[in-house]
Amino acid sequence: MFEVILYKSIDEIYDVSELVVPVDFTDNINQAGVVTFGMLRDWVLPAEGNGIVIIHDYTTYFSGFIFKTGHSQSQEIKVTAYDRMRYLKTNDTYVFKDKTAGEIVKHIANDFGLPTGIIEDTKYPLGTMIFDNKGLLDMVADCVTKTLTATKKLYFLKDNAGKLEFRNILSCVSDLQIDPESLLYGYSYERDIDSDTYNQIKLVRDNKSTGKREIYMAKDSNSIKRWGLLQHYEKVDDDMNPEQIKEKADALLYLKNRVKQTLNLDVLGEKTIRAGNMIYVSIPEVGVSKYLLCTCAKHRFTNTAHTVKVDLKLV
């Protein structure tokens with residue numbers, strides 16, 4: 001059972017569940033979640049800015065606002081709504097000094113009037129972060145990347161039922177297991193060293209005092225023998241000291257010197273499958289039996305069924 005609630009104003013709230021067919025909810029991390037559905041034309045007409053809440057088995061799946069409506073000669077109106085992450089799809093200029101990624105998320109959310117839920121403390125001050133005319137989501141992504149490189153801990157940002165949350169993936173380990181004997185009815189699995197795999201890290205810094213360019217390296221000779229030389233090159237901030245640069249090179253090698261693995265599943269409806277969760281997946285025939293990060297969960301609700309397409313990756 002699912003409900004679609006339309007909020008036109010504080011005093012105008014309508015249950016339009018009987019008018020919609022079907023409801024697709026794409027639950028994302030680090031970008032806006034989106035709901036789309038067709039709605040039979042009735043005396044209640046959805047409009048831009050109206051609130052939409054999707055409830056399934058008494059659990060709020062989605063809370064957001066209509067950004068697009070489509071009308072035609074048919075009796076169906078097409079509706080697209082986004083959660084509050086959509087309001088971070090804008091540029092701005094900020095300078096942050098010695099704030100953690102979580103503190104930066106709180107600051108931005110407050111400036112844009114966005115409510116927050118759980119904001120986890122990374123305990124890692126990022127130094128001076130200068131963003132000039134940059135997308136807000138890109139700012140957060142830079143903070144997440146810098147935190148990951150330094151601490152080897154991965155965080156994500158998402159809207160959870162109307163509140164922005166900033167979480168460590170290790171805080172979001174699900175009790176759910178997906179395998180061919182339970183929910184799974186289809187999958188595709190891919191391994192590659194083509195998109196984000198590196199076995200040599202080369203970082204350079206221009207030393208203003210000496211006028212020379214300094215080079216810092218980290219590499220894995222064994223994987224170079226297996227895959228060939230795959231180099232990541234990056235110019236680091238001039239204010240980083242040699243120890244910090246060496247730590248960054250080692251951390252990047254740790255993170256990048258691996259086969260990238262992605263898995264896409266088709267599963268029976270399960271409301272606990274949410275983007276950001278670490279889910280245990282067992283598919284022995286392809287050698288997968290491990291926790292994977294759910295990066296996107298595409299739920300489809302009809303009057304008779306609930307299915308999910310799940311995108312996962314190894315982290």
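Laboratory data are not the source of any read-out in this text; all were calculated from the coordinates shown. This structure is a prediction, so every number in the text was calculated from the model and none was measured. Cβ placement follows ideal geometry from the backbone for every residue including glycine, while neighbour counts extend to all protein chains displayed.
A cut-off under 12 angstrom between Cβ atoms defines the neighbours of G269, and their net charge, with Lys, Arg +1 and Asp, Glu -1, is +1.
Choose one answer from T93, T151, T60: the residue with the largest mean-square fluctuation in a GNM of the chain with alpha-carbon springs under 10 Å. In this elastic network of the chain, the residue with the biggest mean-square fluctuation among T93, T151, T60 is T93.
Taking other C-beta atoms within 10 angstrom as a stand-in for reagent exposure, E190, E76, E285 fall in the order E285, E190, E76, fewest first. Whats the longest run of the chain with zero chymotrypsin sites (Phe, Trp or Tyr not before Pro) that are DSSP loop and have at most 14 other Cβ atoms within 10 Å? Longest stretch, sites excluded: 113-315. In units of the rule-of-thumb radius 2.2 N^0.38 Å, the stretch 168-262 shows an alpha carbon radius of gyration of 1.52. Here is the P(r) of the chain: all C-alpha pair distances, binned every 10 Å from 0, give 5, 22, 27, 24, 13, 6, 2, 0 in whole percents.
Report the relative contact order of the chain, percent, no decimals, based on alpha-carbon pairs under 8 angstrom and at least 6 residues apart.
On the way: 687 pairs, mean separation 52.4, N = 315.
The normalised contact order for the chain reaches 17 percent.
Dipole magnitude for the chain: computed about the Cα centre from +1 point charges on Lys and Arg Cβ and -1 point charges on Asp and Glu Cβ, it is near 1220 debye. Note on M217 and E234: their simple-model spin labels are 1.9 nm apart, each label 7 Å out from Cα toward Cβ. Loop-located trypsin sites (Lys or Arg not before Pro) in the stretch 146-175 (DSSP state other than H, G, I, E, B) with a sparse environment of at most 13 neighbouring Cβ atoms within 10 Å: K152.
Provide the FRET efficiency to the nearest 0.05 for the R41-A161 pair, computing r from the beta carbons and using R0 = 41 Å.
On the way: r = 29 Å, r/R0 = 0.71.
With a Förster radius of 41 Å, E is 0.90.
Placing a label point 7 Å from the Cα of S289 along the Cα-to-Cβ direction, the residues of the stretch 175-201 whose backbone N falls under 17 Å of that point are 177-182. If Lys and Arg each add +1 and Asp and Glu each add -1, what is the summed charge of the other residues whose beta carbon sits under 12 Å from the beta carbon of D220? Every neighbour counted, the sum reads +4.
Determine the dipole magnitude for the stretch 81-228: charges of +1 sit on the beta-carbon of Lys and Arg, -1 on that of Asp and Glu, nothing else is charged, the reference point is the Cα centre, and the result goes in debye to the nearest 20.
Values: 23 positive and 22 negative charges, 156 e Å.
Dipole size: approximately 740 debye.
Need one word for the stretch 66-199: rounded, prolate or oblate. Basis is the Cα gyration tensor (sqrt eigenvalues a ≥ b ≥ c); a/c below 1.5 gives rounded, then a/b vs b/c decides. Taking the square roots of the gyration eigenvalues as a ≥ b ≥ c, the stretch 66-199 is oblate.
In percent, what relative contact order does the stretch 2-82 have, based on Cα pairs under 8 Å that are 6 or more apart in sequence? If you can, show how the numbers build up before the last one.
Details: 166 pairs, mean separation 24.0, N = 81.
Result for the stretch 2-82 is 30 percent.
A simple spin-label model places the labels of Q177 and T69 4.8 nm from each other, with each point 7 Å out along Cα-to-Cβ.
What Kirkwood radius, in Å to one decimal, follows from the Cα pairs of the stretch 2-82? Each step should come with its number before you reach the end.
Working: mean 1/r = 0.0786 Å⁻¹.
Averaging 1/r across every pair of different Cα atoms and inverting gives 12.7 Å.
Model label points for N264 and I118, set 7 angstrom from Cα along the Cα-to-Cβ axis, are 2.9 nm apart. Cα centroids of the stretch 1-58 and the stretch 89-155: 30 Å apart. Residues considered: S209, S63, S174. Largest GNM mean-square fluctuation over the chain, using C-alpha springs under 10 Å, is found at S209.
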